[in-house]
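The values are calculated or read from the model by the stated rules, or taken from the named source; none is laboratory data. No experiment lies behind these values; they were computed from the predicted model shown. Cβ sites come from the backbone with ideal geometry, for glycine too, and all protein chains shown count toward neighbours. For the accessible areas, the whole protein counts, side chains as well, though only heavy atoms, and no ligand, DNA or RNA atoms are used. Shrake-Rupley method; radii C 1.70, N 1.55, O 1.52, S 1.80 Å.
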Amino acid sequence: MAPPRRPVESGVPDPMPFMHPLLRKNYGTWRWHERPRPGVLRHVAASGDEVWTVKAGTQRQLDVYTVRALCAIATDLADGHLRFTTRSNVEFMVGAAERVDPLIARLEAEGFPVGGTGNSVSMISHTQGWLHCDIPGTDASGVVKALMDAVHHEFTHEEMPNKVKITTSCCQINCGGQGDIAINIQHTKPPKINHDLVAGVCERPAVVARCPVAAIRPAMVNGKPSLEVDEAKCVCCGACYPPCPPMQINDPVHSKLAIWVGGKHSSTRSKPTFHKLVAAGIPNNPPRWPEATEIVLTILDAYKSGAKPWERVGEWVERIGWARFFEETGLPFTKYHVDNWRGSRGSLNSSAHLHF
Amino acid sequence: MAPPRRPVESGVPDPMPFMHPLLRKNYGTWRWHERPRPGVLRHVAASGDEVWTVKAGTQRQLDVYTVRALCAIATDLADGHLRFTTRSNVEFMVGAAERVDPLIARLEAEGFPVGGTGNSVSMISHTQGWLHCDIPGTDASGVVKALMDAVHHEFTHEEMPNKVKITTSCCQINCGGQGDIAINIQHTKPPKINHDLVAGVCERPAVVARCPVAAIRPAMVNGKPSLEVDEAKCVCCGACYPPCPPMQINDPVHSKLAIWVGGKHSSTRSKPTFHKLVAAGIPNNPPRWPEATEIVLTILDAYKSGAKPWERVGEWVERIGWARFFEETGLPFTKYHVDNWRGSRGSLNSSAHLHF
Amino acid sequence: MSMEMPKTPMLDQLESGPWPSFVSGLKRLAQSEDKSYAPMMKDLLGQLERSYQTRKGYWKGGTIGVVGYGAGVIPRFSELKDEFPASAEFHTLRIMPPAGMHYTAEILSQLCDIWEKYGSGLIALHGQSGDIMFQGIRSENVQPCFDEMNELGFDLGGAGAGVRTSISCVGAARCEHSCFDEARAMRMLVNAFLDEMHRPSLPYKFKFKVSGCANDCANAIQRSDFAVIGTWRDEIQADQDEIRRIVARRGRKWLIDQVITLCPSHALSLNDDDSLDIANHDCVRCMHCINVLTKALSPGRVRGATVLIGGKRTLKIGDLMGSVVAPFLRLESDEDYEALLDLARRVMDFFIDNALEHERTGEMIERIGLVNFLEGIGLEVDPNMIRHPRTNSYVRTDGWDEEAAKWKARHGAAE
Amino acid sequence: MSMEMPKTPMLDQLESGPWPSFVSGLKRLAQSEDKSYAPMMKDLLGQLERSYQTRKGYWKGGTIGVVGYGAGVIPRFSELKDEFPASAEFHTLRIMPPAGMHYTAEILSQLCDIWEKYGSGLIALHGQSGDIMFQGIRSENVQPCFDEMNELGFDLGGAGAGVRTSISCVGAARCEHSCFDEARAMRMLVNAFLDEMHRPSLPYKFKFKVSGCANDCANAIQRSDFAVIGTWRDEIQADQDEIRRIVARRGRKWLIDQVITLCPSHALSLNDDDSLDIANHDCVRCMHCINVLTKALSPGRVRGATVLIGGKRTLKIGDLMGSVVAPFLRLESDEDYEALLDLARRVMDFFIDNALEHERTGEMIERIGLVNFLEGIGLEVDPNMIRHPRTNSYVRTDGWDEEAAKWKARHGAAE
Ligand code: SRM
Ligand code: SRM
Ligand code: SRM
Ligand code: SRM
Ligand code: SF4
Ligand code: SF4
Ligand code: SF4
Ligand code: SF4
Ligand code: SF4
Ligand code: SF4
Ligand code: SF4
Ligand code: SF4
């Protein structure tokens, strides 16, 4: 038998061979840009070269037919090049203004919404969900599709005060990250333990160590080594589930959705911020999650009409105050909004600043 | 023998019998005020009444001669009334403009600096020190006197961007509170334990409980119950000293002064803030503490020339950035400036905001 | 036979300079050969000079009190009593001043008379908590001295694990920003807890402080367990003609730089007709614009106070500021003031029942969580209590629907 | 014999609406009767529909890899393998794209060809960490599939306790804000740690992310252990004529509202001649004014990057952002880039030696303190590393003089 092939550890490929020639030529010497219309960027280089980018949304979870369709568009209309953003939008670059409209027409004809630039709602951070992950409490692709359908107008138009970056996550691990608006699983009940399986599949000390509030202890159940959860302590985070699948945290009824707002990665104007809980207890309701969608739309509406130009969602709320955020969105404020995690004292109002 | 007299538990006296008649008459109906000159306030009431207040500094630790001198001034020139601010400044109220100058003249003639209003440096928060307290690492009256001599011009003039409230504290307990600038004792060595005395005077469990970092444990030393300090853990705070005087924290050389800036009580503009360490290791050098005084003057200079109107010390630094604060004051920045107390992660720079 | 004045070369250096010198005052007392306290003050100077030279303090505590009270006198015994016997005892009487520290020359002189009879002649006006501190008295004089002051209408303040002496700002007496009757509120609060002040048996000290507005001249938020800060619910009262006069006099740029851009909530703008555009809904009641434009602007008409609980200094978990537990309590009618007192009673009861020994309110809340504290004192959560909602998902939310229903019920109901 | 399409009434509801439907894509694959993956995708649809109905996931992990590597394939075995045998195995190959995610149509088509041969036809462009995720392949196909992709110049990305796939923003390729060569930096960093990526043996995962400026289009500060963010040390480059043209076109108010008042450090003002007054000393390099006035303003000429360490999501102490450890590293010469890599090596070594099992860099720093971490990697403290100095006096400062001397030595010396 031939010896197995050893991998070529080539690492991250050099992008130059794949990059649009105009980008390659003007690499590092771009001067300025503008957005002639939603979905289109015009970048001008020091050389005087211009590149027009047309940006469109995709479903991220792409079948080869769709990938080939995008390739064909690139071949036919964009010099054979394309790139993707981490938000799974696709970008085609051309060197002249007149080549933009045909691209838009073709993309739209093939069902790819053109937009996602500037002050639009961009594609939602997509995770794995029931399609692939081993721990999800909900789906990802379906949630994203349902929401993007609902905000389609906001993707194809630039009518928001600033960019809106939405994220979702199908468990509390949150691979989707922080977002202007985030729709995440929030479990509401401690894990149900399948004691018969623990001994076989779980390394008990590792699971015990994983719990953020030390709610798990080793225990003998029905004469077999298993685990026990102190339900009064448990914050239902699900961290024990990946290392120990018998600790069933997912529940068709009690795994709910929660909505968070005001996460921001950029250091633009204000420093980066974490998103904050605004609504929880939302049913995990496939295939279209109407309850969550409605809350997202409500928040987007309030933001759109209330924020000043350039205010990101969190900056807007910061200015108007949380009292008014809850008033304007009609969302209830509860004791769960008051942070009680370590170091949370900084989130209390230690001032006479008040919003009425 | 007569039964002992029982106290009349009269509590806080009603101020009305002692209040200047114009204040009493217009109680709760003041309309606006202005500051015609440093040390003088003119308040106007809805009734049209005016009251002119002349404010002057005192040494707080007053001998009866000084108190009687102030009383005489009140009797002669201010309708027999006076009041004190918590910063131990004295205020005389009169009902007409022409009565102001004589008051000022008399106060100045008797050595009471007129000022402390508006954007001046007011009297320093005064604590007890060697004169009276049982745990001080330095004096209070002397520090205050030395500093007030140094900032006398700033007390009698209103040349600062905003009010400057200085505090001092003669131990790390900090009865002086937060300040725009605070000069506090900062011990640099763990307590030296006088083991012979511990058994006699200290309730050991109480002392152990008092330590913020759990560095104290009961121990037998020379066959007697005593205490032991884990010097690697000890943060030299002196909290063990009041309940257990044998735990000598005060040291003529190693009890140093530290200077803090940016404390703010008001919720005016920005929320209240704690003061922040800017200089430590300053010799505790009676009778005039020249090293500490010099640093305070340097900070005041930088603030005076650098801040915009209404910016308090902390607000000014916040705007120009800490990098520049250390640059402009020439104070060294060290690892001790980086907070490592619980919850201090929020004090790290988690952003791309940088000052160069 | 009069004692010699001690040599005080270091202290003497504190007699020069423009600020009034406490050393000169101490010397005046020490040299009052006709007064009983002259020897005490000579020795006091001697001991103090020693402290300056050795950089050490020489006072020790002990136990001294007056009949019926368990606190209010700070005992001081000298470790150098052999060298400085006349000041071997140098206790302090903490006496509560009239709210707002208003005096007549007459009453102050009477207090001086008593103090010259029994004490050292040294008086601090005032301590950081607000007491008149009569500093320097021997044990045997404490009771008669207190009795005379008490007869004059004064009472001992706090010390130890009890309610402490309080401060209210000058407020209504002479300040246009005052949002309620600070002296009334402060006296009502403290005087309702005199038992807890005079016979201290709380888990630890408890301080009230009262400021009439967000300028917080009483340092209430950071230096008291129970801070009462004046505010208003409705709109800032604005005299637009006065604004226009100010703009005419000082210019638009002045107004923009000193007021508009300094508003923390971007609630202000200057209209083209030089009137001030105030977005009261955005305003956080910080007082800045009112401070600068005191003639033109005032707090609204619906006035009252915010209550914050838990401020204190460093021990033992680090400094804590008070945090909002009652965003707005109207303070107008007698009932309003009663409601404030009622809240204080609930806080005190909860503190007594739940704080550990030597634990301040702020530390207790830090330990048990604000929500549990609110439930304990019977208050509902409100967004004004937080800077921002939780950023952390580690929370069990299975009571969400119930809690949401509570909010909706409250929110539907009239304020 | 072709299988029947499963009934998917719930999923079908996701075929309507304007956004491209992944369900339609899955169905296209399932209906590709000429392709080997059609049965797999039919069963996959069946299982997914089941998940929608039961609100449960049915995938389990396992162990799958390619020769020589310990990571890069995410194994998925179905719990419903009896019902849906064709998709009983549905592993994912994580493949690293060219930096910046640039493709030719040709290379993408070639990847599709390989994937159609061995896998499901389902590709995610891209995963949140930046991988091309080829989703759905049976164990026996993993090795040949990878071999072909590897021959084409692609390599597996990260998984498990190792270095992870990275993202750099589009940057220099098409962005005027770019402060260095992001693709170069990112490739240099990741490719230097391929051993740690392919044979994971770190305490836990480690992510690099690279953004060319403070806009942080790569989400580096919050989502990576080692964030490289472009910035500049000198002055913003300003074309004042262009500013005047903008003011002429859009008005002064527009400029004031959209730029001046939004500057977080109040570093901007509008001069009377309609030029922009920039106080570069106050500027915090936030990018806002440059973003809005891209034609008139650009980052300075002395460009480089800030490095922040420790960003990550919630587990297990709550979300952490990276925090500054190197305020400014010039990035121009080869040596400059080497110095960045050298820093990364020191961080990695320290992480390997000091982190507990399953502890990310941010958690490690939280546990040991920033200063100890800095000392460990040989960096000096700098005020740019903090928001503000300590507010707490609980620190032992007896090394003050030495530390102050260090600062003075550094500070006297040229940058
Ligand atoms: C006298 C006074 C300083 C002054 O000269 O003005 C003072 C003096 C003492 N303070 Fe204080 N504190 C004084 C106001 C304060 C303040 C300011 C305030 O009330 O606004 C604070 C900060 C606010 C607070 O309450 O936290 C303050 C925080 C402390 C603490 C720290 C409490 C904490 O929880 O962190 C202690 C230590 C303790 O309680 O164990 C303390 C303890 C002490 C003791 C009793 C020291 C001791 O344990 O023996 C001092 C007695 C000195 C003496 O010989 O008279 N003192 N102390 C102030 C009281 C005078 C008065 O009654 O008017
Ligand atoms: C007399 C006094 C109240 C009292 O009950 O005794 C007082 C009186 C006034 N204060 Fe105050 N404040 C007094 C202590 C304070 C304190 C507490 C302190 O000094 O420890 C503060 C909080 C300081 C802090 O934040 O750390 C304080 C923060 C203010 C502010 C807010 C300043 C700011 O911008 O942050 C104002 C507003 C202003 O300046 O217009 C203010 C404004 C005023 C006004 C103008 C209010 C008015 O309209 O009458 C009063 C005249 C001030 C003057 O002398 O210029 N007062 N004021 C106190 C004088 C202390 C002294 O002798 O220096
Ligand atoms: C595939 C992906 C989501 C997606 O669909 O895009 C993903 C999927 C998983 N993530 Fe993630 N994470 C993915 C990006 C992220 C990110 C975003 C990022 O990298 O910018 C984060 C937040 C940043 C960070 O690193 O903290 C993220 C934070 C986590 C965590 C929490 C780590 C923490 O320290 O808090 C876990 C749990 C763990 O590591 O134990 C996790 C664990 C997982 C696991 C391995 C769950 C598990 O334990 O089995 C998921 C495998 C799903 C699958 O079936 O493929 N994933 N994960 C992303 C990787 C694709 C790619 O390679 O491009
Ligand atoms: C293409 C992309 C980079 C890439 O490597 O793929 C990109 C490209 C640009 N970004 Fe970005 N950003 C991209 C993701 C991001 C992200 C990360 C994300 O989407 O998850 C952020 C951080 C978001 C956050 O803070 O949570 C981001 C924050 C910004 C900002 C700061 C916005 C703010 O005010 O906070 C700017 C500045 C601006 O808007 O002018 C910016 C500006 C830009 C500019 C205008 C830069 C330029 O001059 O070319 C680019 C065109 C944006 C457009 O489409 O209008 N980009 N940008 C990413 C497109 C993602 C998408 O499809 O939506
Ligand atoms: S968020 Fe959770 S369920 Fe979703 S992909 Fe990440 S680890 Fe899996
Ligand atoms: S769900 Fe979270 S808090 Fe509960 S036992 Fe598991 S790890 Fe611990
Ligand atoms: S600060 Fe310390 S030494 Fe000074 S009076 Fe207060 S408790 Fe005494
Ligand atoms: S000085 Fe402070 S840290 Fe040190 S032993 Fe005493 S109480 Fe503990
Ligand atoms: S707190 Fe407000 S009301 Fe009270 S004196 Fe100060 S400014 Fe006036
Ligand atoms: S009170 Fe403060 S927050 Fe309100 S409008 Fe005036 S400056 Fe703005
Ligand atoms: S991070 Fe900065 S340099 Fe990179 S693409 Fe975004 S705006 Fe351009
Ligand atoms: S980059 Fe940001 S901080 Fe600097 S001047 Fe522009 S807006 Fe201000």
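Quick look at the numbers
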{"quantity": "Cut-off under 5 Å, modelled amide H: who pairs with D:Phe206 long-range", "calculated": "D:Gly162, D:Val163, D:Arg164"}
{"quantity": "Two-decimal Rg/Rh across segment D:202-307, once Rg and the Kirkwood Rh are taken from alpha-carbon atoms", "calculated": "1.08"}
{"quantity": "With DNA, RNA and ligands ignored, accessible area of C:Glu196 (1.4 Å probe; Å², nearest 10)", "calculated": "40"}
{"quantity": "Sulfur and carbon atoms: percent of accessible area, segment C:321-415 [1.4 Å]", "calculated": "45"}
{"quantity": "Cβ-based charge dipole, segment D:237-298, positive-most Cα from D:Gln237, D:Ile278, D:Leu293", "calculated": "D:Leu293"}
{"quantity": "Volume per residue that the Cα convex hull of the protein assembly as shown spans, once the total is divided by residue count, Å³", "calculated": "194"}
{"quantity": "Dimensionless Rg over Rh [chain D; C-alpha; Kirkwood]", "calculated": "1.05"}
{"quantity": "7 Å along Cα→Cβ, label-point gaps from B:Pro36 to other copies, nm, shortest first", "calculated": "7.1"}
{"quantity": "Cα principal axis extents for segment D:101-194, largest first, Å", "calculated": "45, 33, 23"}
{"quantity": "Integer Hz, Karplus 6.51/-1.76/1.60 couplings in order for segment D:370-381, x for Gly and Pro", "calculated": "4, 4, 5, 5, 4, 4, x, 9, x, 10, 8, 5"}
{"quantity": "Dipole of the protein assembly as shown [Lys/Arg +1, Asp/Glu -1 at C-beta], most positive-end residue of B:Ala109, C:His198, A:Ala307", "calculated": "C:His198"}
{"quantity": "For segment A:221-350, projected area of the alpha-carbon convex hull averaged over all directions, nm²", "calculated": "11.2"}
{"quantity": "Of all DSSP beta bridges in the protein assembly as shown, antiparallel share, percent nearest 5", "calculated": "85"}
{"quantity": "Copies compared at B:Arg5 - label distances in nm, ascending, label defined 7 Å from Cα in the Cβ direction", "calculated": "10.5"}
{"quantity": "Calculated FRET efficiency for the pair D:Asp272/B:Glu110, C-beta based, R₀ 35 Å, to 0.05", "calculated": "0.10"}
{"quantity": "Percent carbon-and-sulfur accessible area, segment B:16-109, ignoring ligands, DNA and RNA, probe 1.4 Å", "calculated": "53"}
{"quantity": "Amide H within-cut-off set for C:Val284, under 5 Å, with H built and near neighbours excluded", "calculated": "C:Ser265"}
{"quantity": "Total formal charge among the other residues, if their Cβ is under 10 angstrom from that of B:Thr29, Lys/Arg +1 and Asp/Glu -1", "calculated": "0"}
{"quantity": "Quotient of Cα Rg and 2.2 N^0.38 Å for segment B:199-248, N being how many residues it contains", "calculated": "1.03"}
{"quantity": "Shape box of segment C:9-54 [Cα atoms, principal axes, largest first, Å]", "calculated": "29, 27, 11"}
{"quantity": "Calculated log₁₀ intensity ratio I(q)/I(0) where the Debye formula runs over C-alpha points of segment C:361-406, q = 0.21, 0.27, 0.32 Å⁻¹", "calculated": "-0.96, -1.36, -1.27"}
{"quantity": "Residue of C:Pro203, C:Pro18, C:Pro98 that the Gaussian network model of chain C assigns the largest fluctuation, springs spanning Cα pairs under 10 Å", "calculated": "C:Pro18"}
{"quantity": "Max mean-square fluctuation residue, GNM over chain D, Cα-Cα springs under 10 Å, options D:Asp241, D:Asp131, D:Asp398", "calculated": "D:Asp398"}
{"quantity": "³J(HN,Hα) computed for each position of segment A:84-95 - Karplus, 6.51 cos²θ - 1.76 cosθ + 1.60, integer Hz, glycine/proline x", "calculated": "10, 8, 5, 8, 6, 8, 10, 10, 10, 10, 9, x"}
{"quantity": "For segment D:237-298, the Rg and Dmax computed from alpha carbons only, in angstrom", "calculated": "10.3, 29"}
{"quantity": "Straight-distance crosslink candidates among aspartates and glutamates, where the alpha carbon sits under 16 Å from A:Lys145 and sequence neighbours closer than 8 are dropped", "calculated": "A:Asp63, A:Glu154, A:Glu291, A:Glu294, D:Asp12, D:Glu15, D:Glu49"}
{"quantity": "Orientation-averaged projected area, Cα convex hull of segment A:37-78 (nm²)", "calculated": "4.0"}
{"quantity": "For segment B:97-107, Karplus couplings with θ = phi - 60° (6.51, -1.76, 1.60), whole Hz, Gly/Pro x", "calculated": "4, 6, 8, 6, 4, x, 4, 4, 4, 5, 4"}
{"quantity": "Against the rule of thumb 2.2 N^0.38 Å, how large the Cα Rg of segment D:59-151 comes out", "calculated": "1.08"}
{"quantity": "Entries in C:Lys60/C:Lys316; A:Lys256/D:Lys27; D:Lys117/D:Lys209; B:Lys189/B:Lys224; A:Lys55/D:Lys295 that, when Cα-Cα distance is taken, lie over 26 Å", "calculated": "A:Lys256/D:Lys27; D:Lys117/D:Lys209"}
{"quantity": "Solvent-accessible heavy-atom area per residue, rounded to whole Å², over segment B:16-109 at 1.4 Å", "calculated": "33"}
{"quantity": "Computed label-point distance, nm, for sites D:Val302 and B:Glu294 using a 7 Å Cα→Cβ extension", "calculated": "3.0"}
{"quantity": "Those residues of segment B:197-215 whose amide nitrogen sits under 19 Å from the label point placed on C:Lys316, 7 Å along Cα→Cβ", "calculated": "B:198-199, B:201-215"}
{"quantity": "Convex hull per residue volume in Å³, alpha carbons only, for segment A:16-109", "calculated": "103"}
{"quantity": "For the pair A and B, total buried accessible area rounded to nearest 100 Å², probe 1.4 Å", "calculated": "700"}
{"quantity": "Model label zone, C:Glu4; criterion: amide N under 18 Å from point 7 Å along Cα-to-beta-carbon; scope segment C:42-81", "calculated": "C:42-50"}
{"quantity": "Total charge dipole magnitude, chain A, about the Cα centre, Cβ charges on Lys, Arg, Asp, Glu only, Debye to nearest 20", "calculated": "920"}
{"quantity": "Shortest-first distances to equivalent copies, position B:Pro218, nm, label 7 Å out along Cβ", "calculated": "3.3"}
{"quantity": "Accessible area of chain C divided out per residue, in Å², using a probe of 1.4 angstrom", "calculated": "34"}
{"quantity": "Per residue accessible area in Å² of segment B:232-321, where ligands, DNA and RNA are left out and the probe is 1.4 Å", "calculated": "27"}
{"quantity": "Accessible surface of segment D:237-298 [probe 1.4 Å, protein heavy atoms]: carbon and sulfur percent", "calculated": "46"}
{"quantity": "Spin-label model distance (nm) - A:Asn285 vs D:Gln237, 7 Å beyond Cα toward Cβ", "calculated": "5.4"}
{"quantity": "Area hidden from solvent between D and A (accessible, protein heavy atoms only, 1.4 Å, total, Å²)", "calculated": "10000"}
{"quantity": "Check: segment A:192-248 dipole with +1 on Lys, Arg Cβ and -1 on Asp, Glu Cβ, in debye", "calculated": "60"}
{"quantity": "Calculated SAXS-style log₁₀ I(q)/I(0) at q = 0.15 Å⁻¹ - chain A, Debye, Cα scatterers", "calculated": "-1.27"}
{"quantity": "Set of lysines with alpha-carbon distance to D:Lys408 below 16 Å, sequence-local pairs under 8 removed", "calculated": "B:Lys335"}
